[in-house]
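The values are calculated or read from the model by the stated rules, or taken from the named source; none is laboratory data. Being a predicted model, the structure only gives us computed values, none of them experimental. So basically every Cβ, Gly included, is an ideal-geometry build from the backbone, and we count neighbours across all protein chains shown.
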Amino acid sequence: MDKIILDIVPLTRIPLTRNQSFSYLYDRELPAGTLVSIPLFHRNVEGIVLGNRPDFPRLGNIHPVKYAEGVPASQVFNRVKLKKINKVLEENFLDEKQLELAKFISEYYISPLGIVMKGFVPKRTKARNTEHIARNIKKKEIKLTKEQQKAVEEITKSYKLPPKADQPRAEKTKSYLLFGPASSGKTEVYIHSILELKKKNPELQFLILLPELTLTPQAIERYGEYFKPEEIAVINSKISKGQFYANWQKIKSGEAKIIIGSRMAVFLPFKKLGLIVIDEEQDMSFKQWDMNPRYDARTVAEKLAEFHNCPIVIGSATPRIETYYQALNKKFKLLKLSKLKIPNTSYIIPDTKTEIIDMKKERWINPPAGGYSPISKKLQAEIAYALKNNLQTILFINRQGMSSFSICADCKTVLKCPRCDRALVYDEKGNYRCLHCSYQTSITPQCSKCHGIIFKNIGLGTQKVEREINELFPGAKTARIDTQALKEKNYQEKIYQEFKDKKIDILIGTQMISKGWDLPDLALVGIIDGDGMLSLPDFSAYERAFQHILQVAGRVSRPGAKFPGQVVIQTFNPEKNIFKKIAGREIEKFYQVELVERKSLKFPPYSKIIKLVFQDLFLKKVEKETERVYSALKKNKNISVSEPQNAFVPKIRGRFRRQIVLKSTAKNIPEETIRILKALPAGWIIDVDPISIL
C-alpha cells in the first residue's frame, strides 16, 4: 500500500528558528485539522495535521530519533526513515478557519505555532454535570430609542451571507464602535442585533466577549431573557474541564447559538458566526500578557470576523484611545448612544453628581478629632445617608491587601519578597505576602537589614478599607471583591446575586467592579485613592485611571433611578486636569489631549510597540544577553530601540529581568528585525502590542 507523508504541528513549544511542522508516515490521507498522537523525540505528544503529500523512495536506514523529527516538513531528505503516527484521535478536529487563525496569531505575536494551537485544543473529558448554566428568565419588554434602533439597523444590514467557494469574497467586514455612557443601552443594541440576524439565518452563532468573570452572571441573565438555555454556552477558565468540552462540542455542532466567553473564546470551533461583540473593550483583560501566546483577543476577534465575513461591534463608555483614534480615521464606524430615559416614561436618568475631595485638608490642615481616616468626612456622611435610605454603596480602590508596602519601624527598610524584590503586602490574616509569587511570611517576619520584628504598614488596600468601613459602620453588611477573594469557587456569581438582592450594603473592590453591573439601588460610588493609578511611569497610566474611575462612577447612572447618584473622588491632587475631566464627563476632550501627547512621543496609536524581556537566575547573564540583542537590533534605522533597562519589577520568582522596547512608526515591523526576534534564545519574552511598557 502506498504511504502518505503527513505534515503535523506538535502541540508543544518548538524554537521559532525551526520549522513548526514535522513529517510522519500514515497509510492514508487525513484531513487538515485532524488530531493525532505522534512520537516526538523520547515522548508522545498530540499534534494537528496541516496537510498531506504522497511518499517517495527514500534511501538508507538512519535512526529516526536522531534525524527525522528535526527535519522540516518542507525539506524531507530522501535518506531519512520517517516515523509513523501513533494514532488518529479525531478527524476534522479543527476546521480551516481555526488553522488559519492559529497561523495568524503565531506570525503576528511571534509565538511558536504548536503553543498557539494548543489553545485551540480542549481537554477531552466528560462533564460530571451537563446541566444548563442559563435559566429561563421572564423577558422584559424594552422599546428601543431612535439611536438604538438606528445602531441595530446599521449593524444588521452589514451582514452578508458567506460567498460560495467559487465566488469572490464579499465586501470587507464591517467594524463598529458603539460609544455611549453607562446605562445608555449598549446591551440592548447587542441583543436586538442578534435577534434581527437570527431572523435572517436561524443557524447563525454569536460571540459575546467579556473581559471579567464578574460580568458573566449578569450576561447570562440578560441574554437568558431572549434565548433558550440550551442555546447559550459559557466559556471561561472557571468552568470545569468537562463542562468546557461539552460546551465546545455544542459550539462545533452548531447547537449553541449564543456564546458568552472570556478572551479564550476566540479559539472556539464556530460553525457560522453572524456577529462578534466585544463588550467593555477598554479592559486590559482581553490581552494575555503573562504567558505565550501573548495575544490580544480584540485583534484576534477582528481577524476571526474577517474569516467568517461577519460584522464586529466593539462597545464601551470609555474606549481605548487606539480604538477611538481608529473610529476617527474610519477603520471603525462610530455609533453613538446618549443617556437613556426611564423605560416607558419621559423621565431622563439624572446626571450623577461628582465631588472631588482634597485629602490634604483631611490629613494635615483640618484633621478629624478622632484621627486621620482614609474615608473622608464627606464620604462617611454620604455612606451614612445611603445606609439610612436603604441604598447601596461601592468603594473602589485598585489595590489588594491591607497596605501598599510595609517598613521596618527601626531602620525604615521596606519589607520585600526575597524571590521577587517587590514590596510585600500585609494580609488580614496577619502575615505578609507577595502578589507576584506564592511567598508569604510567618506572622513574625524579620527585617533583612536590622532583624527588627515591628513593621509599619503604609498605604491602602481593599482589606484595609473593608476593616475601616466595618469599624465606622458596624451595622452595615459589607463584602469585598478582588483577585484574592475570587479564589473561592463561584464567588463572583454569589457576590453579584447578593448585591443585586440587597443582601450587601457596601461592596469594596478593585477594577473588577468598575464595569458592566447594572444595579438599580446603587446610589453612591467612592473612589478611595484617585492618585494611586496616576503614579505609574507608563504611557497609558492616565488613560487607564480615567477609564477605571469613569467606569465605576457609571454604575450609579442607572435606569430606574429617581434621584441623581453621587460620586466622591478622594485625592491629594484635586487640581489635576484629569479629575476635572472626569467630573465633567469630558471624555472626548480628554482623548484629544492624550492623542496630542502620544503623537509627540510616538506612542500608540502613532506607533507599534514590541516589549522584549529577558530573565535568568544570574544577573550578569541577563546584562550580557540584553546588551548583545540591543546591539543587533539598533543596527536597523527603521525602528527605535531603547537601551536595556531593569523591568518595573526587576526580579520575579528568583529571576532577574531586563527589558528592551522597540517602537516603529511603520505599519509592519521590518523583516530583518523579525528574523532577530525569532532567533532569540530561551529566556526571552516577546510581547507584541503590550498593555504596558513597565
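Quick look at the numbers
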read-out	value
From Ala219, Ala256, residue being at pLDDT 95 or above and either among the aliphatic types (A, V, I, L, M) or in the same structural domain as Phe590 (by TED's automatic domain parsing) (or both)	Ala256
Unmet criterion (only one of (1) closer than 30 Å to Asp421 by Cβ; (2) aliphatic (A, V, I, L, M); (3) over 24 Å from the mean Cα position of the chain (by Cα); (4) surrounded by fewer than 18 Cβ atoms within 10 Å (Cβ to Cβ)) for Leu677	(4)
Filtered residue count, segment 430-454, keeping only those that are free of Cβ contacts under 8 Å to residues at least 40 places away in the same chain and in contact with a strand residue (DSSP E or B) (Cβ under 8 Å, 6 or more places away or on another chain)	11
Spans of strands (runs of 3 or more DSSP E) in segment 630-694 with at least 2 residues farther than 30 Å from Tyr439 by Cβ	655-664
Answer residue from segment 193-249, given it is assigned to a helix (DSSP H, G or I) and among the aromatic types (Phe, Trp, Tyr) and is nearest to the chain's Cα centre (by Cα) among those	Phe244
Filtered residues of segment 236-264 (kept if among the small types (Gly, Ala, Ser) and more than 18 Å from Pro211 (Cβ to Cβ))	Ser240, Gly242, Ala246, Ser253, Gly254, Ala256
Filter pass, Lys602 being outside the structural domain of Lys186 (by TED's automatic domain parsing), at pLDDT below 90, over 29 Å from Gly459 (Cβ atoms) and of a type in the set (D, E, K, R)	no
Any pair with Cβ under 9 angstrom, 6 or more apart, that starts in segment 533-550 at a residue that is free of Cβ contacts under 8 Å to residues at least 24 places away in the same chain and ends at one that is surrounded by fewer than 18 Cβ atoms within 10 Å (Cβ to Cβ) and assigned to a helix (DSSP H, G or I)	Ser535/Ala541; Ala541/Leu534
Strands (runs of 3 or more DSSP E) fully within segment 475-554 counting 2 or more residues that are closer than 25 Å to Lys429 by Cβ and not aliphatic (A, V, I, L, M)	478-481
Candidates Gln400, Gln446, Gln380 - the one that is over 25 Å from Lys360 (Cβ atoms) and surrounded by 16 or more Cβ atoms within 10 Å (Cβ to Cβ)	Gln400
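So that you can scan it fast, the table gives a plain yes or no per residue for (1) modelled with pLDDT of 95 or more; (2) among the polar types (S, T, N, Q); (3) surrounded by fewer than 18 Cβ atoms within 10 Å (Cβ to Cβ); (4) within 26 Å of the chain's Cα centre (by Cα):
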{"site": "Lys611", "(1), (2), (3), (4)": "yes, no, no, yes"}
{"site": "Val622", "(1), (2), (3), (4)": "yes, no, no, no"}
{"site": "Asn638", "(1), (2), (3), (4)": "no, yes, yes, no"}
{"site": "Pro644", "(1), (2), (3), (4)": "yes, no, no, no"}
{"site": "Pro650", "(1), (2), (3), (4)": "no, no, no, yes"}
{"site": "Leu662", "(1), (2), (3), (4)": "yes, no, no, yes"}
{"site": "Asn668", "(1), (2), (3), (4)": "no, yes, yes, yes"}
{"site": "Asp687", "(1), (2), (3), (4)": "yes, no, no, yes"}
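So that you can scan it fast, the table gives a plain yes or no per residue for (1) out of contact with any strand residue (DSSP E or B) (no Cβ under 6 Å at 6 or more places or on another chain); (2) in the same structural domain as Glu154 (by TED's automatic domain parsing); (3) closer than 26 Å to Asn92 by Cα:
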site	(1), (2), (3)
Leu275	no, yes, yes
Met284	yes, yes, no
Trp289	yes, yes, no
Arg294	no, yes, no
Leu304	yes, yes, yes
Phe307	yes, yes, yes
Ile314	no, yes, no
Arg320	yes, yes, no
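For every residue, the table says whether it meets (1) over 25 Å from Glu231 (Cα atoms); (2) at pLDDT 80 or above.
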{"position": "Ala165", "(1), (2)": "yes, no"}
{"position": "Ala170", "(1), (2)": "yes, no"}
{"position": "Gly180", "(1), (2)": "yes, yes"}
{"position": "Gly185", "(1), (2)": "no, yes"}
{"position": "Val189", "(1), (2)": "no, yes"}
{"position": "Lys199", "(1), (2)": "no, yes"}
